[in-house]
Amino acid sequence: MKRTGVHVFLVLWALVVTVPLLWAVVSSLKTDSQIFTSPWSVPTDPQFGNYARAWGQAQIGTYFLNSLIVVGGSVLLVMLLGSMTAYVLACYRFRGNRLVYYLFVAGMTFPVFLALVPLFFVVKQLGLLNTYPGLILVYTAYALPFTVFFLRGFFRNLPWAVAEAAIVDGCSHYGVFFRVMLPMAKPGLVSIGIFNFLGLWNQYLLPLVLNQQPERYVLAQGLAALAVNQGYRSDWSALFAGLTIAIMPVLIVYLIFYRHVQAGLTAGPSSDHAALVHRREIGHLPALGDLRRPGRGRVVVVLLRRRVLCGLHGAGGGVHRAALRPGRVGPPLPALRARYSVLTAKHHDGMALWDTQAGDLSVAKRTPAARDLLGEYVAGMRRHDLKVGFYFSHLDWSHPDYPTQRPSTLVRPWVESRFGLCAEGAEDPARWERFLRFHRAQVGELLGYRPDLMWFDGAWERDESQWRMRELRDSILAEAPNMIVSRLLDHSDYETPEQGLPIVPPDGPWELCLTVNDSWGHQPADRNFKSTRQLVRIFAETLGGGGNLLLGIGPREDGTFQPEHVERLHALGAWIERNREAVYGTGRGLPLGHHYGPSMLSKDGRTLFLVCLDRPIEYVAVKGLRTKVRGVSVLGTGAALGHRVVGGFGDDVPGVLYIDAPAEVDEYATVLAVELDGVLDLYRGAGYHG
């Protein structure tokens, strides 16, 4: 019964909306006398001349063109500005983000008639009264708040994993917006575009105040003038014809795009455009960075990542052949003091850097490189006595059998892409098993290069029962018992926090994954480089927490590296060389509260290394140290420092160790070596209370 009542209401509402419109169209084909004598009858002799008279004599054609110029320009401008603003507010975090958003929301609630007088004087002072640009700017400002409000929510629901993959593959922020996110937001853009078109096409109040020259009237003004003008007071047929002409564009636009409106309001975003990024058949190059090795001593490591030259179309398919010389592995590794390296052998887009026999998507088969890059990389690393690691993405958005499953619980619930997940109810277990065979085959091929580390990634779109990571780990260790593995869900050897330094370090082995700027892979637009001082500080804090630093950079399209990257890596390597005793062969240092800065402890527990991130003014203090100190020196210079213990309560509560500030300090961070007269013994109590 309730359902029937709803249907009856909807039918009545449809009649209320459509009957007046149909009556206006029918009346436009009658004479004035027929409109009054038989208002509901169908015209037997349609008067199409009414339209010609309205278009010409009543100047409806001029008003129509004016409306088209003003509304068309306004919609284009508001869509461009609104989409860019909404995207930034939805996807970027910065101070004042929410305040800016609330200001746009407040703009939706402000009554426009209260702004008419200020608007008039502002537009007049700009010299834009009675002009197209004046109306376009005001229309844009009028429509912008709702556009930003609507599109911000839409952009927040887009599959950000696709954008992350594009960024990793080298897309600039502008490229991600225009080439990836904007096409995926098409349903929302069409919806808000139509809403803006309908609202602005029928706008009357703003042009009435800001546009008073008859030759610049828009349709709403022209129809009002036609209704009240003395010359056309009784020309009702021409008035209805003009009204019909004004209605037709709105009706046509809605009939063409109504499905897109429904999709934008109900279906949500689409990720069809991801193929432009993830299936682009262009070249890949290794990229270098600097790290420390987990699990086997305190070492600095190099992370190598390749990039897809997103949006670059040049000679040689995007990568110069000269940049792919055999044996070229990037910056001189000895200067970086690296001990192991990790190369992105395959990322989420599925492009393999080796001549894989499991599929045909590889640099050997599909790019100007036309050869196996992994073999050259491994040979280069071994020549420098570096341990070798491979980054390998579990997920593969280019493989047709990959999007055939859905996890029981998404690790990242917002990740929805037709390249990663199938629709509910469309799972195909047989095809998923075929993908797993492909996945295992490629892992087996990588093991054939005899790496020391397998750095996995991209498991978030499936669960353990689907990936069977324990099975994968067992198969890897059966072939390579000493292999170290990461990111196998619950079966990893160490933790890999990314881009953010942990406040509380993980308990076991761990590795911080970090970039010199904000991007994995080379992005020319990303100039937000971390300074050498910042990198040294992060590195020292990582060491103090017992972790390794995985620092990634990416090459340019010609195979060279940005000078900012090379400069920082060499400076970091030089700092490591000056303080190598504190870097290699050390472990987690003092807990929080004992020293104002990071610290490391030698393996035998008899040497404590204190990092001074800032220049000490008078002294460096260490609290709770029970073990006696034999001596203190500055790494890099060897200068001996005086020290003394102040305070304490007998043998129970030790005093504070004060070390004299060194006269000469390191330009980035100074490290003090504290030689202990025995194994480190700390007091962790609450003090003596009597």
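No value in this document is a laboratory result; all are computed from the given coordinates. Here the structure is a predicted model, which is why all the values come from computation and not from measurement. With ideal geometry, Cβ positions are generated from the backbone for all residues, glycine too; neighbour counts draw on all protein chains shown.
Would you mind calculating the relative contact order of the range 586-676 from Cα pairs under 8 angstrom and at least 6 residues apart, reporting the percent as a whole number? Walk me through the intermediate numbers first.
Numbers: 186 pairs, mean separation 30.0, N = 91.
Relative contact order for the range 586-676 comes out at 33 percent.
Take each peptide in 509-517, 580-588, count the other Cβ atoms within 10 Å of every residue, and average; sorted highest first, the result is 509-517, 580-588. Relative to the Cα centre, the charge distribution of the range 586-676, modelled as +1 at Lys and Arg Cβ and -1 at Asp and Glu Cβ, gives a dipole magnitude of about 340 debye. For Gly648, the residues whose amide H sits under 5 Å from its own are Val656, ignoring neighbours fewer than 5 places away on the same chain, with H placed 1.01 Å from N.
Taking 10 °C and 1.306 mPa s as conditions, the range 586-676 diffuses translationally at an estimated 119 µm²/s according to Stokes-Einstein applied to its Kirkwood radius (Cα pairs).
For Thr496, nonlocal amide neighbours, meaning residues 5 or more places apart or on other chains whose placed amide H falls under 5 Å from its own, are Glu511.
The order of the peptides 181-194, 68-81 by mean Cβ neighbours within 10 Å, most packed first, is 181-194, 68-81. Model label points for Val665 and Glu215, set 7 angstrom from Cα along the Cα-to-Cβ axis, are 7.4 nm apart.
3J(HN,Hα) along the range 500-507, derived from phi through the Karplus expression 6.51 cos²θ - 1.76 cosθ + 1.60 where θ = phi - 60°, amounts to x, 5, x, 6, 10, x, x, 5 Hz, with x in place of Gly and Pro.
Phi-derived couplings, Karplus 6.51 cos²θ - 1.76 cosθ + 1.60 at θ = phi - 60°, listed residue by residue for the range 601-608: 10, 5, 4, 7, x, 10, 10, 10 Hz, with x used for Gly and Pro.
Which of the peptides 636-645, 538-547, 384-393 is most tightly packed, and how do the rest follow, going by the mean number of other Cβ atoms within 10 Å of each residue? Please report the intermediate quantities before stating the final value.
Working: 636-645: 13.9, 538-547: 23.5, 384-393: 21.0.
Peptide ranking by packing, descending: 538-547, 384-393, 636-645.
For Gly631, the residues 5 or more places off, or on other chains, whose built amide H falls under 5 Å of its own are Glu675.
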